[in-house]
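Student: Sharing a structure, written as structure tokens. Questions coming.
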Amino acid sequence: MSAPLLEAVALWKRFPGVQALAEVSARFGAGEVVAVMGENGAGKSTLMKVLAGVHAPDAGEIRWEGRAVRMAGVAQAEALGIAFIHQELNLCENLSVAENIMLGREPRWGGCWLDRRALRERARGALERVGLAVAPEVLVESLSIGQRQMVEIARALAREARLVIMDEPTSSLTSGEAERLFGVVGELKAQGLGVVFISHRLREVEAVADRVVVLKDGRNSGSLRRGEIGAERMVQLMVGRDLDPARRRPWEVATGAVRLEVAGLRTRAWPGQAVSFAVRAGEIVGLAGLVGAGRSELARVVAGVDRAVGGAVRVDGVALPPGRVGAAVAAGLALAPEDRKEQGIFLEMSILENLALPGLGRMQRGGFVRSGQVAALGARMRDLLGIRAAGLEQAAGLLSGGNQQKVVLAKWLALGPKVLVLDEPTRGVDVGAKAEIYRVVEELAAGGAAVLMISSDLEEVLRLSDRVLVMHEGRLAGEVGRAALSEEAVMALATGTFCP
Ligand SMILES: Nc1ncnc2c1ncn2[C@@H]1O[C@H](COP(=O)(O)OP(=O)(O)OP(=O)(O)O)[C@@H](O)[C@H]1O
Ligand SMILES: [Mg+2]
């Protein structure tokens with residue numbers, strides 16, 4: 001076998017309180033797609049950051065085309081031909097698509113004045129290679145997450161990258177966007193580039209990977225070749241035990257009185273559509289639909305984050321004042337939002353501070369926070385969801401992506417809400433933790449809460465919901481009961497191809 005493009009040889013990396021990498025080795029070749037898998041906090045992103053020159057390893061060697069190199073920084077890794085697309089995308093929103101693609105390598109007249117025409121043309125070429133039909137002049141802030149992902153890949157191509165590292169590229173994509181991405185990955189591979197692909201979605205990995213490298217607790221836990229790649233083996237290597245993802249709640253759920261009532265609610269995104277439904281105590285109701293169908297807008301209005309254009313939201317029969325989150329929380333309604341970085345979590349604050357925030361009113365006496373109570377709550381939530389951190393005092397921003405997501409959830413679960421609205425609750429969360437989160441949500445419902453769950457992951461919707469409401473272009477296109485629940489039934493309503 002010829003030398004791989006990039007090779008990690010017994011890499012070690014320690015952060016305060018955690019051994020993120022311990023003797024990790026891996027090879028990444030030209031013309032192959034290698035998936036790196038592992039639980040949240042297993043060290044996947046850290047390995048990539050070390051290989052791409054973001055962090056220096058404590059020990060071990062990095063080889064590029066068989067020769068040992070010292071990655072002195074991101075610029076050097078880029079110069080070698082490594083493009084790293086981060087878990088949290090890294091584009092400048094207020095610059096144009098072309099400027100982002102050519103950032104740092106802008107063509108200039110006589111080395112001085114920006115050559116705008118050449119900038120546009122080169123960017124256009126890169127955009128064509130990823131099949132993204134947007135004008136180079138468009139500002140990145142106006143693009144969808146899927147489109148931004150493609151811009152990142154175009155940027156890698158414009159830099160003549162030979163190895164493209166994608167850290168959870170699909171976690172925020174619609175299924176259509178993800179398909180497009182896989183098409184591009186296939187083309188990169190055909191052109192002889194190496195691709196490293198991190199994902200928690202087993203099906204995706206089965207579809208695109210030539211080889212799988214699995215990490216567990218910062219160590220190599222195994223690897224699989226093409227013919228060996230299958231969901232069960234991957235889960236075994238990641239988690240160290242079998243999971244039963246298909247386990248469902250008992251067929252008949254005991255439901256109580258109506259807890260959440262949404263009556264004629266109209267959002268700013270779809271002011272012409274009035275939405276009405278109810279969720280009973282003990283019920284988990286899925287809210288499905290394509291991205292842009294108006295699910296998140298609806299959730300935000302229900303929770304008082306945004307003001308409704310019309311209609312009412314009632315909790316246990318009492319109408320909530322419109323557009324007031326505080327009042328909704330006080331009434332026992334909590335929303336765990338979809339965008340954790342912007343709405344869910346304070347990155348500079350500690351895990352404990354984040355967890356305590358929504359319930360702070362209850363844990364105060366005479367203006368002082370009762371720190372004992374806060375600490376107990378933190379420990380309980382950490383154990384409940386299996387949050388992996390050096391300690392609860394750690395800044396939330398230093399957690400791995402999936403663990404940040406668990407903090408967002410824990411924060412709202414800690415309130416013991418009567419009504420819980422979840423928007424994409426398991427984005428970026430590993431298979432084992434997903435099962436934990438499902439259990440916690442089911443227990444909450446069994447305890448009498450009403451749960452409304454938005455998810456683009458159909459498997460998750462089918463697994464967890466007692467019934468599913470489907471939105472299409474801002475209105476409720478229909479409802480699928482437990483007995484009739486299937487991917488086809490939900491998709492038919494979501495795409496508007498269902499004719500009653
Ligand atoms: N800059 C940092 N400072 C301190 N600890 C860190 C830092 N970066 C990562 N860690 C810790 O190192 C461990 C590995 O994190 P890493 O981000 O590599 O996990 P991951 O496998 O990518 O997980 P996920 O699937 O959740 O993205 C975690 O315990 C994390 O909290
Ligand atoms: Mg990660």
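Student: Quick one: length gained pulling Arg307 to Glu61 fully straight, 0.36 nm per residue minus the C-alpha distance? Working shown, then result.
Tutor: Details: separation 246, 0.36 × 246 = 88.56 nm, distance 5.52 nm.
So the chain would gain 83.0 nm between Arg307 and Glu61.
Student: Taking just the alpha-carbon atoms of the range 424-463, what radius of gyration and Dmax come out, in angstrom?
Tutor: 10.1, 28
Student: Just to be sure I understand the curve: with the Debye formula and one point per C-alpha of the range 362-468, what is log10 I(q)/I(0) at q = 0.17, 0.19, 0.21 Å⁻¹?
Tutor: -0.85, -1.02, -1.19
Student: What net charge is computed for the residues neighbouring Glu39, neighbours being all others with C-beta under 10 Å from the C-beta of Glu39, Lys and Arg scored +1, Asp and Glu -1?
Tutor: +1
Student: Given the pairs Lys189/Lys406; Lys216/Lys411; Lys189/Lys434, which are separated by over 28 angstrom at their Cα positions?
Tutor: Numbers: Lys189/Lys406 34 Å; Lys216/Lys411 26 Å; Lys189/Lys434 31 Å.
Flagged as over cut-off: Lys189/Lys406; Lys189/Lys434.
Student: Length gain on complete extension for the stretch Arg475 to Val318, per 0.36 nm per residue less the alpha carbon to alpha carbon distance?
Tutor: Taking Arg475 through Val318 to full extension adds about 54.1 nm, to one decimal.
Student: Then there is this: Using the beta-carbon distance between Ala3 and Glu137 and R0 = 45 Å, what value does 1/(1 + (r/R0)^6) give for FRET efficiency, to the nearest 0.05?
Tutor: Working from the Cβ atoms, E equals 0.60.
Student: Need one number: nm distance between label points at Arg124 and Phe15, each 7 Å from Cα along Cα→Cβ, rounded to one decimal.
Tutor: 4.3
Student: Based on DSSP, what percent of beta bridges with both residues in the chain are antiparallel, to the nearest 5?
Tutor: The answer is about 55 percent antiparallel.
Student: From the Cα trace of the range 75-187, what convex hull volume per residue do you get, rounded to a whole Å³?
Tutor: Numbers: hull volume 11.4 nm³, N = 113.
Per residue, the Cα convex hull of the range 75-187 comes to 101 Å³.
Student: Can I ask one more? Identify the trypsin sites (Lys or Arg not before Pro) of the range 291-344 meeting these criteria: DSSP loop state and at most 15 other C-beta atoms within 10 Å of the C-beta. Provide the component values of the computation, followed by the final result.
Tutor: Details: sites: Arg295, Arg300, Arg307, Arg314, Arg324, Arg340, Lys341; in loops: Arg307, Arg324.
Passing both the DSSP loop test and the Cβ count: Arg307, Arg324.
Student: Taking 7 Å along the Cα-to-C-beta vector as the label spot, tell me the Asp115-Glu23 distance in nanometres, rounded to one decimal.
Tutor: 5.3
Student: Using the Kirkwood radius built from alpha carbon pairs, what does the Stokes-Einstein equation give as D for the range 278-350 at 37 °C and 0.692 mPa s, in µm² per second?
Tutor: Working: Rh = 13.6 Å.
In µm²/s, the coefficient is 241.
Student: Where q = 0.11, 0.14, 0.15 Å⁻¹, what log10 of I(q)/I(0) comes from the Debye formula for the range 6-239, counting one point per Cα?
Tutor: Summing over Cα pairs of the range 6-239 leads to -0.56, -0.89, -1.01.
Student: Any chance you could tell me what percent of the C-alpha pair distances in the chain go past 37 Å?
Tutor: Counting pairs separated by more than 37 Å, the tail of P(r) holds 33 percent.
Student: Then there's this: Can you give the Rg to Rh ratio of the range 258-494, both from alpha-carbon atoms, with Rh computed by the Kirkwood formula?
Tutor: My calculation of the ratio gives 0.96.
Student: So, one more: Give me the number: length gained by fully extending Thr495 to Glu393, i.e. 0.36 nm times residue separation minus the C-alpha to C-alpha distance, one decimal in nm.
Tutor: Length difference between fully extended and current span is 32.2 nm.
Student: Nearest 5 is fine: what % of DSSP beta bridges in the range 258-494 come out antiparallel, could you say?
Tutor: Numbers: 21 of 39 bridges.
In the range 258-494, approximately 55 percent of DSSP beta bridges are antiparallel ones.
Any read-out appearing in this document is the output of simple, stated calculations on the displayed coordinates, not a laboratory observation. Being a predicted model, the structure only gives us computed values, none of them experimental. Because the Cβ atoms are built from the backbone with ideal geometry, glycine has one as well, and the counts that use them run over all protein chains shown.
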